[in-house]
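Visitor: Structure provided below as structure tokens; questions to follow.
The values are calculated or read from the model by the stated rules, or taken from the named source; none is laboratory data. Source: prediction; values computed, not measured. Cβ sites come from the backbone with ideal geometry, for glycine too, and all protein chains shown count toward neighbours.
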Amino acid sequence: MKVVVVSGGVISGLGKGITTSSLGRLLKARGIAVTILKIDPYLNVDAGTMNPYQHGEVFVLDDGTEADLDLGNYERFLGQSLVGTHNLTTGKIYRAVIEKERRGDYLGNTVQIIPHVTGEIKRSIRDVAQASGAEVVLVEVGGTVGDIESMPFLEALRELSYELGEGHMAFVHTTLVPVVGPVGEAKTKPTQHSVRELRAIGIRPTMIVARGPAPLSPDIKAKISLFCDVPPEAVISVPDQPLIYEVPLVLEAQGVGTHLTRLLGLPEREPDYGRWKTFLETYRRGGPSIEVAVVGKYTELRDAYLSHTEAFHHCQGTLGCTIHLQWYDSEDLPRNPAALARLNRSDAMLVPGGFGSRGVDGKLLAIEIARTKNIPYLGVCYGFQMAAIEFARNVLKLPEANTTEVEPHTHDPVVCLLEEQKATDRMGGTMRLGAQRVALTPGSKVAGIYDRNEIWERHRHRYEINPSYIERFEAAGLKVTGRSVDDRVEVLELSEHPFFLGVQYHPEFLSRPEAAHPLYRAMVVAALERKEVASSVAAAPARA
Ligand code: GLN
């Protein structure tokens with residue numbers, strides 16, 4: 001078992017997740033079996049109960065785990081699906097320790113952070129290594145070195161490195177090298193301090209990844225090397241990139257692959273990035289451009305919709321077009337004529353998932369525009385439920401149609417609570433979660449897009465389309481073309497529209513750079529076609 005730990009210094013939000021994912025990709029390109037595990041030192045058991053405004057998107061895994069968004073980056077960079085044991089939190093560790101204590105497993109001993117909590121952490125890491133069969137486990141430690149919360153985790157990793165012995169573990173420390181002053185001087189002091197902090201707890205970094213706006217000069221690298229006791233070739237500069245998928249190649253260009261494999265005694269092979277490089281070239285080249293409207297209530301914090309943004313990047317790098325995402329705050333939209341005018345000119349529209357009543361009117365308004373103006377539309381989860389409500393109100397003429405999430409006593413509950421949810425009063429991990437099988441109607445648009453009649457997609461919801469309205473929807477042209485094994489409505493598509501699809505599940509979680517999700521791809525293609533037709537009409541000479 002070999003372990004690469006990625007810690008962070010100075011500030012959080014340095015892109016440790018991208019660094020970790022990129023290191024994983026770099027090893028994978030050398031034919032080494034890798035996996036990644038994230039440590040989140042907060043006390044929440046999982047990210048499911050956390051506000052997207054504080055922590056960004058909640059990423060859902062196949063097994064239904066509601067995980068930190070970095071798990072999404074790992075899956076996208078590695079092209080591998082992960083399971084819930086790959087996201088450790090203080091909440092999970094303490095829960096396990098306390099359960100053991102209550103069972104009497106500690107045989108009367110005093111239960112302490114060291115060795116019991118650290119022991120539980122080490123056991124969890126070893127279990128992931130074993131279950132995944134990976135030769136190298138990358139462990140990203142969330143937060144910043146020096147935080148009280150991360151101490152037990154770093155201590156456990158220190159112990160693990162001692163137990164595994166020389167040459168089995170590498171410590172990559174990610175820090176900020178700020179550029180300050182009128183002449184733009186790169187400052188190494190914060191890095192020196194954070195490395196000192198790491199050393200104080202018995203960890204000596206083997207590699208420093210310096211983040212900052214610009215590449216580090218050779219003397220700054222030399223200075224960091226001298227002060228922090230790492231060889232100059234192990235000081236890596238990762239300046240901000242226009243696209244995160246460039247980072248593995250930025251690391252590669254500085255010899256990280258060779259350095260890391262030597263450190264860990266792994267075979268030195270030529271890396272093979274396969275389609276990764278083609279993806280990057282296509283992305284950089286771009287092509288005909290489209291503007292995609294994203295209408296949601298968390299638009300202030302883009303991380304809240306991270307997987308959607310990435311799915312569009314994957315389309316750009318696959319289809320060779322340029323995609324501009326235009327964000328609309330659904331709460332502000334109804335009273336913002338300029339935004340509405342622009343929205344009307346969008347080439348495509350996405351309404352992502354969401355919860356609660358805030359911003360619902362704006363979403364309904366946007367969907368009406370997409371439906372009536374033939375703008376390609378993709379509704380995901382709440383965006384799918386909203387599409388059903390908009391249709392019920394404006395086409396079926398049921399003005400009170402609503403979801404019981406917004407209006408519990410509505411006359412027309414076209415979206416209602418899932419039966420099994422009625423017995424639940426706990427919030428954590430209780431939604432309909434994870435990968436579920438969906439049967440698509442043969443011959444439907446959606447089946448054509450996937451090119452199959454059965455799919456597995458990830459879910460996260462409490463409400464569903466009320467079956468008693470299906471007949472009326474279908475009679476008016478909104479067809480149910482996907483159903484779960486237990487007959488819930490999973491897909492709705494409008495027959496009289498070039499591209500109008502709603503899905504109860506979250507396709508964004510399965511899009512990968514080397515395999516853009518079929519639904520996003522199809523929507524972008526529909527937008528490109530519509531734009532091409534529109535511009536050729538505009539370019540045609542006026543008839544005499
Ligand atoms: N709030 C809706 C539900 O719980 C949609 C959830 C979502 O968009 N993830 O069913």
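Visitor: Tell me, yes or no, whether the range 249-264 has at least one residue that is on the phi > 0 side of the Ramachandran plot and either in contact (Cβ under 8 Å) with a residue 40 or more places away in the chain or surrounded by 15 or more Cβ atoms within 10 Å (Cβ to Cβ) (or both).
Guide: no
Visitor: Given the criteria away from the ligand (no atom under 16 Å from the Cβ) and more than 29 Å from the chain's Cα centre (by Cα), does residue 532 qualify?
Guide: yes
Visitor: Can you tell me which residues in the range 332-375 are more than 16 Å from the ligand (Cβ to nearest atom) and of a type in the set (Asp, Glu)?
Guide: The answer is 332, 347, 368.
Visitor: Right, another one. Output the number of the condition that residue 328 fails; it satisfies all remaining conditions of (1) within 15 Å of the ligand (Cβ to nearest atom); (2) surrounded by 17 or more Cβ atoms within 10 Å (Cβ to Cβ); (3) among the hydroxyl-bearing types (Ser, Thr, Tyr); (4) farther than 17 Å from residue 501 by Cβ.
Guide: So the condition that residue 328 fails would be (1).
Visitor: Keeping to the range 177-197, report how many residues are under 29 Å from the mean Cα position of the chain (by Cα) and either surrounded by 20 or more Cβ atoms within 10 Å (Cβ to Cβ) or in a helix (DSSP H, G or I) (or both).
Guide: Total meeting the criteria: 3.
Visitor: What number of residues within the range 95-108 are touching a helix residue (DSSP H, G or I) at 6+ places or on another chain (Cβ under 7 Å) and in a helix (DSSP H, G or I)?
Guide: 2
Visitor: Let me ask something else about it. Inspect all residues belonging to the range 476-485 and state whether any of them is under 26 Å from the mean Cα position of the chain (by Cα) and within 17 Å of residue 380 (Cβ to Cβ).
Guide: Yes, there is a match, as at least one residue in the range 476-485 is under 26 Å from the mean Cα position of the chain (by Cα) and within 17 Å of residue 380 (Cβ to Cβ).
Visitor: Applying the selection to the range 413-436, what residues are away from the ligand (no atom under 11 Å from the Cβ), in a strand (DSSP E or B) and either farther than 19 Å from residue 388 by Cα or in contact with a helix residue (DSSP H, G or I) (Cβ under 6 Å, 6 or more places away or on another chain) (or both)?
Guide: 414, 434, 435, 436
Visitor: Quick one: would you say residue 210 is free of Cβ contacts under 8 Å to residues at least 40 places away in the same chain and touching a Leu at 6+ places or on another chain (Cβ under 6 Å)?
Guide: Taking the combined requirement at face value, the residue satisfies it.
Visitor: Are there any pairs with C-beta distances below 7 angstrom linking a residue in the range 78-105 that is more than 17 Å from residue 125 (Cβ to Cβ) to a residue that is surrounded by fewer than 20 Cβ atoms within 10 Å (Cβ to Cβ) and of a type in the set (Lys, Arg), with the two at least 6 apart or on different chains, and if so which?
Guide: Final answer for the pair search is 79/512.
Visitor: Additional query: For residue 306, are the conditions met, namely being on the phi < 0 side of the Ramachandran plot, surrounded by fewer than 24 Cβ atoms within 10 Å (Cβ to Cβ), part of a helix (DSSP H, G or I) and within 15 Å of the ligand (Cβ to nearest atom)?
Guide: yes
Visitor: Now a separate question. Would you mind finding the one in 7, 22, 12 that is surrounded by fewer than 24 Cβ atoms within 10 Å (Cβ to Cβ) and either over 14 Å from the mean Cα position of the chain (by Cα) or part of a helix (DSSP H, G or I) (or both)?
Guide: Among 7, 22, 12, only 12 is surrounded by fewer than 24 Cβ atoms within 10 Å (Cβ to Cβ) and either over 14 Å from the mean Cα position of the chain (by Cα) or part of a helix (DSSP H, G or I) (or both).
Visitor: Output the residue which, of all residues in the range 204-240 that are more than 30 Å from the chain's Cα centre (by Cα) and in a loop (DSSP other than H, G, I, E, B), is farthest from residue 254 (Cα to Cα).
Guide: 204
Each row is one residue, and each column tells you yes or no for (1) modelled with pLDDT of 95 or more; (2) in contact with a His (Cβ under 9 Å, 6 or more places away or on another chain).
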position	(1), (2)
340	yes, no
345	yes, no
350	yes, yes
356	no, no
359	no, no
362	yes, no
365	yes, no
368	yes, no
371	yes, yes
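Visitor: Does residue 405 satisfy being within 14 Å of the ligand (Cβ to nearest atom), of a type in the set (Asp, Glu) and outside any loop (DSSP other than H, G, I, E, B)?
Guide: no
Conditions tested, residue by residue: (1) part of a loop (DSSP other than H, G, I, E, B); (2) of a type in the set (Gly, Ala, Ser).
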position	(1), (2)
324	no, no
354	yes, yes
358	yes, no
363	no, no
368	no, no
375	yes, no
384	no, no
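Visitor: Sticking with this structure for a sec: Step by step: first the residues of the range 399-452, then only those that are free of Cβ contacts under 8 Å to residues at least 60 places away in the same chain and acidic (Asp, Glu), then the one that is surrounded by the fewest Cβ atoms within 10 Å (Cβ to Cβ). Which residue is that?
Guide: It comes out as 425.
Visitor: Let me ask you something else. Would you check if there is a residue in the range 74-81 being surrounded by fewer than 19 Cβ atoms within 10 Å (Cβ to Cβ), out of contact with any Lys or Arg (no Cβ under 7 Å at 6 or more places or on another chain) and not in a strand (DSSP E or B)?
Guide: yes
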